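All remarks here apply to the structure that follows.
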Amino acid sequence: MYSDGLKEMLAVSKEPIDMDGVLAFPNEKLLLEAFSRRVQEFDPDVITGWNFIDFDLKILRELFQKHRIPFNLGRNNSEGKLRIQSAFFRESDADLPGRAVLDGLHLIRSSFIRLQDYRLETAASKLLGESKSVAFANKGQEIDDMYKLDIKSLLRYNLKDAELVYRILYEKNLLDLAIELSMLTGMQLERVNASIASLDFLYISETRKLGKAVPCVNRNSTDERIKGGFVRDSTPGIYDYVSVLDFKSLYPSIMRTFNIDPLAFSPDGEIEAPNGARFRREKGILPRLIQELWEEREKAKKAKDSVKSFAVKTIMNSFFGVLASPNCRFFSLEMGNAITHFGQFFIKLAASKIEEQGYPVIYGDTDSVFVDTKAKSLEEARKTSQEIPVLLNKFYASYIQEKYGLKSYLELEYEKTFVRFLMPRIRGGEKGSKKRYAGMIKVDGKEKFEFVGLESVRRDWTDAAKEFQQKLLDLVFHKTDAGDFVRTFVADMKAGKYDDKLIYRKELQKPLHEYTKTTPPHVKAARQLKELDSTIISYVMTTAGPEPEQKRKHSLDYDHYIEKQLKPIADTILSFYDISFDDIVAGSTQKTLFSY
């Protein structure tokens, strides 16, 4: 047990344990009774852990039942309740009256923090720069051995686990974020990510004031879904000085501007969306809620309250997703498509107006456009990129006032300029990719690489492939020939220098027994394990096929990694210089990347 002012370890041991903070008990029953008392005495508002409900609390409840001890960890004499979800991707929950039960693992996932896998060790290393005190190869057996032979080390290991979870929650403001979301939506701490219920709470509170009734939940069984955002065909190439301009909170801005709201949605509405949906002019509830939240976010920004600002942004952005969900009482294809069609219209219009000024738009994605500034320096590119939104926002204000008689809340902003930028082709084709690019920016004089959709940010590509891509792009972006680098990297891989970086990580999308039609490599590897401690499977490709990282029996298949990992990455970049990976590795060309 770890908290501010609390560091305690309870252990079953027939002998006293000479260690600070340790209480030893001769049997399990006495330990559990003492644990229940200590929870009551310390009286926490929140109890947390890592995979806490599905593992720790589940096991504790079983042991309490085994010894016929009331499972009372709450603030009254009621038995605690667990709802363990057997469905693969539903979160379990716990009810300990008077206390919030938050799972650190769930908080990380819901806060959009992406990790290679969601083990505590990975999270602590990435977010705190710390490792767990012991690294296990065969965890279950080694913990059992440690308990019998070196119980003090096991106690230190367990306390460190508890401390790491506590620190992650506080140092990354995850608890504060949950509290802010709870205050804004009226949801209990454990339910702040229930976006449909949050909208219900906020919306129904307003309809009551108006004396209006809302429809009952009618779970729609339609297979038709809301149309997505616009993704413009890209123009592949390697560019200098590409700027990104994006709309500030595009969908909330559209809902606020055009009064998109369940109460305002009507066939006789005066405001017509591009898809034909109509809305009355009388101000609806959602636009008013968005306005209030918008003002709260501006206040939070001025106060430099990043937690509240992020919480407000999360709620505003959830409104469209909720309206687009068939499980929402306000679900309407027409209403949802009105938002996305407006979004598509205005992003296309932005691209058209920018190109009228002589700047090619090489890509566009939902709420942003990528502009080839044609600049000769970073300063010139930034100046141009800051001028374009000013002109566009004036145009939108005039256009929306003239066509709809409404005030525009659309706001295009300058985000950043890439000093060098790669927009790759689709593999095996000439068309440009979508949602895949890389660029180099300069921040305070320092260079920084950004990757979107490429191998460097994908969990299912190896660390060796990511390192290869980043170093190759670094050379190309600095207009340095990369032939020697490619050849050396391949030779080093064959020599085993990257063996520890050849691990694939892939998440199971369903239970293993449901993979029947196809058996992907990570499923084959997972089936070689006796038990799974994560839905993310780490495996390697060997001469005998895929094998789990921790149970590898055969030699690594270097040819597989060179052909399936290095070659595709290299050819994505080298193709713009009319050189291939095979040519460089074979040494069959005298041409260099920048010899043209």
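Read-outs throughout are calculated quantities, based only on the coordinates presented, and are distinct from any laboratory measurement. The structure displayed is predicted, hence computed values, not measured ones. All Cβ positions, glycine included, derive from the backbone under ideal geometry; neighbour counts span all protein chains shown.
Some observations on this one:
- Magnitude of the charge dipole, segment 277-409, Cβ model with Lys/Arg +1 and Asp/Glu -1, debye to 20: 440
- Only lysines eight or more places from Lys302 in sequence, or on another chain, were considered; those with a Cα closer than 24 Å are Lys172, Lys248, Lys313, Lys416.
- Approximating the spin labels as points 7 Å out from Cα along Cα→Cβ, the Gln188-to-Ser153 distance works out to 4.2 nm.
- Modelled FRET efficiency - R0 45 Å, Glu447 with Lys139, Cβ distances, 0.05 increments: 0.65
- Report summary: the helix-based calculation at 222 nm, which adds -39500 (n - 2.57) for every DSSP H run with n ≥ 4 and divides by the residues of the chain, gives -13000 deg cm²/dmol.
- Ordering of 506-516, 230-240, 177-187, 442-452 by burial proxy (mean other Cβ atoms within 10 Å per residue, highest first): 177-187, 230-240, 506-516, 442-452
- Classified by the C-alpha gyration tensor, segment 457-586 has a prolate form. Its axis ratio a/c, with a ≥ b ≥ c, is 1.5 or above, and a/b is larger than b/c.
- Here each label is just a point 7 Å from Cα along the line to Cβ, and for Leu532 and Tyr404 those points are 4.6 nm apart.
- Segment Lys517-Lys58, extension gain: residue separation times 0.36 nm, minus the distance between their alpha carbons: 161.9 nm
- Charges were assigned to the Cβ only: +1 to each Lys and Arg, -1 to each Asp and Glu. The resulting dipole of the chain about its Cα centre is roughly 860 debye.
- For segment 359-443: relative contact order, % (alpha-carbon pairs under 8 angstrom, 6 or more apart): 19
- Taking 0.36 nm per residue of separation and subtracting the current Cα-Cα distance, fully stretching the chain between Glu467 and Glu171 would add 103.7 nm.
- Given Lys435/Lys501; Lys299/Lys374; Lys81/Lys160, the pairs whose alpha carbons are separated by over 31 Å: Lys299/Lys374
- Subtracting the Cα-Cα distance of Asp20 and Lys7 from their residue separation scaled by 0.36 nm leaves 3.8 nm.
- For trypsin sites (Lys or Arg not before Pro), the sites in segment 260-292 that DSSP calls loop and that have at most 16 other Cβ atoms within 10 Å are Arg280, Arg281, Lys283.
- Long hydrophobic helices in the chain, taken as whole DSSP H segments with a C-alpha length of 20 Å or more on their own axis and mean Kyte-Doolittle hydropathy at least 0.0: 195-210, 306-323, 333-356.
- Residues Ser352 and Ala34, FRET efficiency given R0 of 60 Å [Cβ-Cβ distance, rounded to 0.05]: 0.25
- Structure-derived Rg and Dmax of the Cα atoms in Å: which label, when the choices are (i) 25.4, 77; (ii) 28.2, 84; (iii) 25.5, 90: (ii)
- Residue pairs, from the table Lys466/Lys506; Lys58/Lys524; Lys126/Lys510, whose Cα atoms sit over 20 Å apart: Lys58/Lys524; Lys126/Lys510
- Beta bridge orientation in segment 2-172: antiparallel %, DSSP, nearest 5: 45
- Inter-site label distance for Leu378 and Glu292 at 7 Å from Cα along Cβ, in nm: 4.4
- Of the chymotrypsin sites (Phe, Trp or Tyr not before Pro) found in segment 1-90, the ones in coil according to DSSP and having at most 10 other Cβ atoms within 10 Å of their Cβ are Phe89.
- A simple charge model with +1 on the Cβ of Lys and Arg, -1 on the Cβ of Asp and Glu and nothing else charged puts the dipole of segment 457-586 at about 580 debye relative to its Cα centre.
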